[in-house]
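Everything below concerns the one structure shown next.
The values are calculated or read from the model by the stated rules, or taken from the named source; none is laboratory data. Since the model is a prediction, treat every value here as computed from it, not as a measurement. We place every Cβ from the backbone using ideal geometry, glycine too, and count neighbours over all the protein chains shown. In case anyone asks, the SASA skips ligands and DNA or RNA and just uses the protein heavy atoms, side chains included. Shrake-Rupley method; radii C 1.70, N 1.55, O 1.52, S 1.80 Å.
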Amino acid sequence: MRYARVRLLADVKALTAPCRCSVTTTTQPVEAIQSTGGNNLMDIPGPGGIYNLPYFGFRLHFKPFSKYDMRLISEKYEAWKNKYGPIVRVRLGKPWGLYLFDPDDIEKVFRSDNKHPERLTLPLLSVYEKRQKIPPSLANANGEDWYAMRGPTQKIMLRPKAVTKYAPKISAIADDFVDSLKNSDRLENLPFKLMEYSAEGVGMLCFNTRLGCITSDNTVTPLMDYTKEYLDHLGNHLYSMIPTYMLYKSKFYKEFETAANFLYSEADKHINKALADLKQASENGLEHESNLLLDLLSTPGLTPAQVQRTITDVFIGGIDSTANTLTFLLFNLANNPDKQERLFQDIKEHVPKKGEIQEDTINKMPYLKACLKESFRTLFPIAGGTLRILDKDITLKGYNIPKGTPMQLCSGTICRDEQYFPQNDKFIPERWMRGEARTDVNPFAHLPFGFGPRKCIGQRFAEQEVYICAAKLLRNYRVVLPPGVTDIPYYYCIFATPKEPASFLLEKRQD
Ligand code: HEM
């Protein structure tokens, strides 16, 4: 995959010059020298002039005012890093924000988190929640509100054994998904087609039920359509010049509201059905199998409204993310047939063409895990990385950063940095294999799921879903790029998403 990076690096190379400040890279940019030499927030190098205007300054960095597309904001991050160095100060809306490109600084920030790590909220979602008079969702809450929902959910979803019981159920879903391809020699309309699998998987996690999303004719159901619409709007609103949706129910807002209402009512429908089943089971003295919804409902201290918001977040958060991740993983394997072949030999040894996969089967396939890590590295799944706002001052690179400063932790840029990952434009899963090409990777250089008490709550589940689907698909088919395809152009809409529907050719495995 090409990332339009080479040209960008050439552009910024001309701007760089040796540095006087105490940063760790060998050459540092001219702008760094222009800092006042002090050690406060405002002394940190970064864009100046009109870019420092509150509210509008940030927007001026992007089209139509510059060549950078906001939906590929990671390219701008890289340009900032190359121009200003490993710590960059940028005017956001009203506040100043920092962009961090050194894994040691990222570690320092993560380790300074308190028990309620804070991110910026999504204004569109906050406006929706306020208008609907519903509590903030897990991903959009901060402080005690967030902790009240996160604590119990985390105990259920992130404990090491949490996903073990789901493996056989998810492999049955993967078998159905592979079956749905049997009349076709193509895997097309991605990531929509893969959303059939991920929606079915997240239905199993949340409600222990099959939603019936898998089709043999690539039907795009309203659930998938509205999930995309919801995330598209959540991604796009961050880039709007004038957020009219805050003042009145604009067309943009109404589209978001329709999608959100649909998804919440869909989640509600399943919640109500799960509750009715539970009631019936207990009336008949029958055992019921636990699931996330029932576990949360039986957690003291969580209100039904909070349970509903958490479940809906997990439900929505789990559909698009997994499908896009699988799309780019399969692309990398199709684009690197030698790597796919090596992976196939592992899969053939451990995975049946049809039938159960257990959690420990996955643990026997380190190369599969290495392929996913490397795929996340070559195309970071979320725009740049996560964000933190600390409740205490911190010193980074000798600068005193006051509490409350939003800090973007730019893992995506680090993952594409030759300094940390030699041959960074190549897909080399071996770099994650012990005893092979593995170099000592700073663990804070590659954190696709974030870190600490606020890291992705769906991580274990997401990884399991991806491993099982990839293993089943590759056990049955060789995945090949259609003639002439060398790339999947993408943009960020919360998650990295193909710009156009992608497709792969499928060649049936005889062995
Ligand atoms: C497969 C790819 C996925 C990636 C790369 C991913 C990545 C992330 C990241 C980076 C965060 C922010 C972490 C932080 O701030 O430290 C996050 C949060 C979150 N993720 Fe994921 N995620 C994925 C899949 C999922 C799945 C499958 C689910 C649900 C089953 C999920 C549910 C959530 C939720 C609810 C949050 C908000 C957590 C909170 O704020 O407490 N994610 N994710």
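Of note:
- Residue list for the stretch 400-411, filter: part of a loop (DSSP other than H, G, I, E, B) and more than 15 Å from the ligand (Cβ to nearest atom): Pro402, Lys403, Gly404, Thr405
- Residue satisfying condition, being part of a helix (DSSP H, G or I) and of a type outside the set (D, E, K, R), within set Ala437, Ala471: Ala471
- Asp175 meets the conditions (1) open to solvent by 40 Å² or more (accessible area, probe 1.4 Å); (2) in contact (Cβ under 8 Å) with a residue 40 or more places away in the chain; (3) assigned to a helix (DSSP H, G or I); (4) not polar (S, T, N, Q) in every case but one. The failed one is (1).
- Condition met for Ile44 (more than 22 Å from the chain's Cα centre (by Cα), open to solvent by 40 Å² or more (accessible area, probe 1.4 Å) and among the β-branched types (Val, Ile, Thr)): no
- Residue match in the stretch 186-206 (condition: within 16 Å of the ligand (Cβ to nearest atom), part of a strand (DSSP E or B), surrounded by 16 or more Cβ atoms within 10 Å (Cβ to Cβ) and within 19 Å of the chain's Cα centre (by Cα)): yes
- Residue match in the stretch 480-487 (condition: assigned to a strand (DSSP E or B) and either charged (D, E, K, R) or modelled with pLDDT of 95 or more (or both)): yes
- Cross-chain or 6+ apart pairs with Cβ under 7 Å, the stretch 337-352 first and open to solvent by less than 60 Å² (accessible area, probe 1.4 Å), then of a type in the set (Val, Ile, Thr) and assigned to a helix (DSSP H, G or I): His350/Thr361; Val351/Thr361
- Any hit, the stretch 309-331, residues being surrounded by fewer than 21 Cβ atoms within 10 Å (Cβ to Cβ) and either hydrophobic (A, V, I, L, M, F, W, C) or not in a helix (DSSP H, G or I) (or both): no
- From the options Ser375, Ser321, residue that is within 14 Å of the ligand (Cβ to nearest atom) and touching a Leu at 6+ places or on another chain (Cβ under 6 Å): Ser375
- One residue stands out among those in the stretch 113-157 that are more than 10 Å from the ligand (Cβ to nearest atom) and aliphatic (A, V, I, L, M): the one that is surrounded by the most Cβ atoms within 10 Å (Cβ to Cβ), which is Leu124.
- The requirement of being closer than 13 Å to Leu481 by Cβ and either touching a residue at least 60 places away in the same chain (Cβ under 8 Å) or under 24 Å from the mean Cα position of the chain (by Cα) (or both) is fulfilled somewhere in the stretch 304-327, by at least one residue.
- Every condition in (1) out of contact with any Lys or Arg (no Cβ under 8 Å at 6 or more places or on another chain); (2) within 12 Å of the ligand (Cβ to nearest atom); (3) not hydroxyl-bearing (Ser, Thr, Tyr) is met by Asp360 except one, and the failing one is (2).
- Within the stretch 441-471, being within 6 Å of the ligand (Cβ to nearest atom), under 12 Å from the mean Cα position of the chain (by Cα) and within 19 Å of Ile156 (Cβ to Cβ) holds for Phe449, Gly450, Lys455, Cys456, Ile457, Gly458, Ala462.
- All conditions in (1) of a type in the set (Asp, Glu); (2) buried (at least 21 other Cβ atoms within 10 Å of the Cβ); (3) more than 16 Å from the ligand (Cβ to nearest atom) hold for Glu500, with the sole exception of (2).
- From the list Lys508, Lys472, Lys455, the lone residue that is under 22 Å from Ala162 (Cβ atoms) and either touching a Pro at 6+ places or on another chain (Cβ under 7 Å) or open to solvent by 20 Å² or more (accessible area, probe 1.4 Å) (or both) is Lys455.
- Selection over the stretch 384-399 of residues that are part of a loop (DSSP other than H, G, I, E, B), more than 8 Å from the ligand (Cβ to nearest atom) and open to solvent by 20 Å² or more (accessible area, probe 1.4 Å) gives a count of 5.
- Count of the stretch 478-497 residues which are surrounded by fewer than 20 Cβ atoms within 10 Å (Cβ to Cβ) and of a type in the set (Phe, Trp, Tyr): 1
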